Amino acid sequence: MFKSLNTAPDIAAEKDTLGGGGTVPSGLYDLTIKVAYVAFAKSDAMSVNLICQTSTGKELRFTEWVTSGKDKGCKNYYEDKQGEKQFLPGWNTINAVCLLGAGIPLTDIEPEKKKIMLYNYDAKAEVPTEVDVLTELTGKTITMGVQEVRENKTALNEALGKRVPINEERKSNQINKVFRTRDHLTVAEITAGAEEAAFYSAWDKKNTGVMVDKYKEVAQGPAGAKAGAPAAKSLFA
């Protein structure tokens, strides 16, 4: 499934950067992977979904997009403004989980068909669902830099035919960085031959306890308008 995806040397390698991003506060967590499975969007974009458990038994779920949709070629990379090829953030995250948890890259993992309990919107309940499972990750413990993110909920704007932000907040957790649990080294540090986990401390200092606030007030439509609907224009505007 992943073999054909690009790992060519002309795509920039993952770097250690301190980015700016609910269920748990931002911090470093040792997470045990209960299951990792593949899903596809209507656009054919591929995601790897992680169901993890903290040391206290709290369940965290993450969705990482490892390829773009068919309109962008279903690729695991993109070109930045300088024309440089960069792996998708979700690809870097899942590949790091595979390298640091199972000792092999994502491209060497062949998913297996298994049934797991997943929520079904038609049944409005969790039902046995057959998915492609990355069994090599099952039971592996990974240290993750998790950020708590506050952002706008979205609602369908029927006039525009798409979902738009509304003035209601939602909080979620997102994976920002992945570390090897036994020594807290990153993929970039291991690749460079580092023996000291310098980035772990830097990430902790910058991000632990800090919520990433992406929430923005949006213009409200007229009274009675559906959530996310644009305000009606005056005849005299």
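Results, tabulated for the structure shown:
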| read-out | value |
| --- | --- |
| Qualifying residue in the range 140-163 (condition: closer than 25 Å to Leu31 by Cα and more than 22 Å from the chain's Cα centre (by Cα)) | no |
| Selection from the range 161-193 of residues that are among the hydrophobic types (A, V, I, L, M, F, W, C), more than 25 Å from Arg150 (Cα to Cα) and open to solvent by less than 40 Å² (accessible area, probe 1.4 Å) | Leu185, Val187, Ala188 |
| The range 106-147, residues that are open to solvent by less than 40 Å² (accessible area, probe 1.4 Å), over 14 Å from Ile51 (Cα atoms) and not in a strand (DSSP E or B) | Leu106, Thr107, Ile109, Pro111 |
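The values are calculated or read from the model by the stated rules, or taken from the named source; none is laboratory data. The shown structure was predicted, so the numbers you read here are calculated from the model rather than taken from an experiment. Protein only, heavy atoms only, side chains kept; ligands, DNA and RNA dropped before computing areas. Shrake-Rupley method; radii C 1.70, N 1.55, O 1.52, S 1.80 Å.
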